[in-house]
Each structure stands twice: as C-alpha cells, then as structure tokens.
1. By count of other Cβ within 10 Å, fewest leading, how are Glu183, Glu261 ordered?
2. Filter the trypsin sites (Lys or Arg not before Pro) in the stretch 157-197 to those in DSSP coil with at most 14 other Cβ atoms within 10 Å of their Cβ, and list the result.
3. Where in the stretch 260-332 are there trypsin sites (Lys or Arg not before Pro) that are in a DSSP coil and have at most 13 other Cβ atoms within 10 angstrom of their Cβ?
4. How big is the antiparallel share of DSSP beta bridges in the chain, given as a percent to the nearest 5?
5. 222 nm [θ] for the chain, helices only, -39500 (n - 2.57) per DSSP H run of 4+, per residue, to 500?
6. State which helices in the chain qualify, where a helix is a whole DSSP H run, it must extend 24 Å or more along its own axis by its Cα atoms, and its mean Kyte-Doolittle hydropathy must be at least -1.0.
7. Between Arg239 and Leu47, take the C-beta separation as r, use R0 = 41 Å, and let me know the FRET efficiency to the nearest 0.05.
8. On a full-extension model of 0.36 nm per residue, what is the gain between Ala277 and Tyr318, subtracting their alpha-carbon distance, rounded to one decimal in nm?
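A short reminder: the numbers here are calculations on the coordinates, not readings from a lab. In this text the structure is predicted, and so the values were computed from the model without any measurement. Every residue, glycine among them, receives a Cβ derived from its backbone with ideal geometry; neighbour counts consider all protein chains shown.
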Amino acid sequence: MTVRLADESRPSQQHRSQRTQTRFDLSLSENPFPPLPSVLRAVNGVLAHANRYPEFLPRRLPKLIASHVGVHSDQVVVGSGATGVAMQIIQALTTPGAGIVYGSPTFDGYPIMAEMAELDVVPVPLDAAGNQDLWAMARAVDKRTGLVVICRPHNPTGTVIAASELKAFLCSVPRRVPVILDEAYAEFLGPTDQVDTLALLDRHPNLLVLRTFSKAYGLAGLRIGYTFGRSELISRVRRLQLPFGVSSVAAAAVTASYAAEPELAARIMRITTQREALRSALLRRHIAVPRSYANFLYLTGPGVATALRRAGIAAKAYPDGSARIAVGDLEADNAVLRALESLR
Ligand code: PMP
C-alpha cells in the first residue's frame, strides 16, 4: 500500500478532528507541515518489507546520525523519540530516590518520567523573563542529585540561555551528575545562537545532548530521537537498548531527511518568520510573549488559554492562564489573533 503524498507546501491540520473537536490543534508544538514527498517515498519503500524485523540493536541509524553530527557511532544512542531516549537515560543512570533538577515549567515528559522512575523532582522556577534560572539550578544540585536537565531552547517559553552561562553552569555541576542538554528545538536556532556541543563534550564527560526528529524534521509520528555524548557514558545508556526497539522506517526517514536539508531549512525559515510576525502582532495587542527561538510562542497572562479554547484553538495551558501555541500555520495564527482581540 502506498501512502498518499500530501501537499508538501501547505501546513496540515487534517488530523485535528481525530484528536479533539477543535478547529486548530496547536497544543503539542508540532511542525505544521506534512512529511516531504521524498521522505514519504523512502518510508513507503521500507513498508513493503514490514514483515521483517528491523535490526536487533540499531547500528545503521546511530552511524548515520553520528556522521551527521560529527561524532563516532559509539557516541550515539537512538530510540523512540527524545522521550524514549530520555527514559532510557533515566533508567540507565539514576536510582529511585535520586533527585532530578529542572527548570519549571518544562517539557511535561520530565516530571512524568521522573515519577515512573521514582525520582525526587526538584523543579526550579523560571525567572520572570521565562529563562531557566541557572544559578538557582546550580544551588539546587546537591549530593542526592542524580540528573540535571537543561533545555535549549526551553519548552514552554522558547527562551535560550546564553552559551557563556551554560558553560559556567556545566562547570558548576559535579562530574558524577549526568546533565541532559535537551536540544529538541535546536534546528530552529540561527547559526549564532547555537552552542558548540562538541566542544562542550570535550570538557564535560557527564553531558548528554538530546535531540529529536519530531520538531524541525516534522516526523513526530515516527518516534525517532537520539542522544550523543562521551562513549563511556553513552555505553552505559546503550546497555538498556530495547531489542528490535527502533523501527525499520527510522533509518530510511532519517536518510531521506538529511538528503532534503535545503527543503527542510526553507520550512524552518517559514515557521520562524511566521513566529516573528505573530509575536509582533501579539505584542501590539499588549499580550506579553517572551522572545522565542523555537516553533512555538508562550502567551502569558490570565485569560489567554481560556480565550483560545473558546475560539476552538487547542493550546497547552498553564496554571496561571498562560498558553503555549505551535506556530507556522498562517490560518491558525490568524485565528489566534482574532481569538485574542477581546483581551485587549
Ligand atoms: N524535549 C522537549 C524540550 C520537548 O519539548 C519534547 C516534545 N515536546 C521532547 C523532548 C520529546 O520529543 P519527542 O519524544 O517527540 O522526540
């Protein structure tokens, strides 16, 4: 069977009615564009052999990713999205009762996985501008800490900590404590905002960089994520690799995506341009929105989440009434502006 090729130049909202009754579902910071035709063709080719198991332990995919990132393949572990890989890291490197330090709010997966692994959560509130408070996080690390998570860009605010602050922070964390540098949205950063992760790895044997194909590459439904770090630490994470745990489509989709970098870069440009336009329009309406470096915006203030919901727009809502919305779909972005007219 062949998957019908979607119109690759248009954002797709076709799944929204399956998930909710809303007009636009912006709640999961997804990429609005369907997979590129070249990626779908590659996936279709592999589906014809879906009666066969994938590799017992993945070798091709780590090798591909390693050569793209510029590390050795024994420095990469792949899994079921960044979520699956983060869970593997937690299970491999922490013990029940240890503390996990993260900026709060953060990606929902971290508190959920911490609970599954019986870790003690140490949420450190973001500062008033929506940044992870690295000094408070450094102070929160103690002898019970088993893991630290830093997101760059941060979810849900989209903010980015300065490279110099990140470096100073990493120097303050004891080497026995692993640090996940979650770069789920790194591809949305401009070249001058990126950090040199390879140089960081040279200095910090406890660092694990976490990335995903769910966001900029637009493959959230295929569940492909990876981590890379120093081989000693990575080999401890790899020990928990689930046999046959990464599907055969993963390597095909990643190969095709790497071959389509210019098209993907054009989409990233459309999403980030759209993000800036929407943020400017929101600021003009006096809605406070931190500068975002990802594919979403964090709209702060009471009433925002409610106003969006009433207009049939699903957003990720926070206890103070703020909301995070995925951006990049012009029609949805205009609906957001109309929904928030009354808040002026
Ligand atoms: N990290 C962050 C910061 C995220 O926002 C997300 C997804 N929202 C993930 C990791 C997990 O992504 P996935 O499991 O789809 O790769």
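1. Details: Glu183 22, Glu261 13.
Ascending number of Cβ neighbours within 10 Å: Glu261, Glu183.
2. Numbers: sites: Lys167, Arg175, Arg176; in loops: Arg175, Arg176.
Taking the stretch 157-197 and a limit of 14 other Cβ atoms within 10 Å, the loop trypsin sites (Lys or Arg not before Pro) found are Arg175, Arg176.
3. Values: sites: Arg267, Arg270, Arg275, Arg279, Arg284, Arg285, Arg291, Arg309, Arg310, Lys316, Arg324; in loops: Arg285, Arg291.
Filter output for the stretch 260-332: Arg285.
4. On the way: 15 of 35 bridges.
Antiparallel: roughly 45 percent of the beta bridges in the chain.
5. Working: 13 runs with 131 residues, N = 344.
Here the helix-only value at 222 nm equals -11000 deg cm²/dmol.
6. Numbers: long enough: 261-284 (34 Å, -0.29).
Helices passing the filter in the chain: 261-284.
7. Approximately 0.85, to the nearest 0.05.
8. Values: separation 41, 0.36 × 41 = 14.76 nm, distance 2.35 nm.
Result: 12.4 nm gained on full extension.
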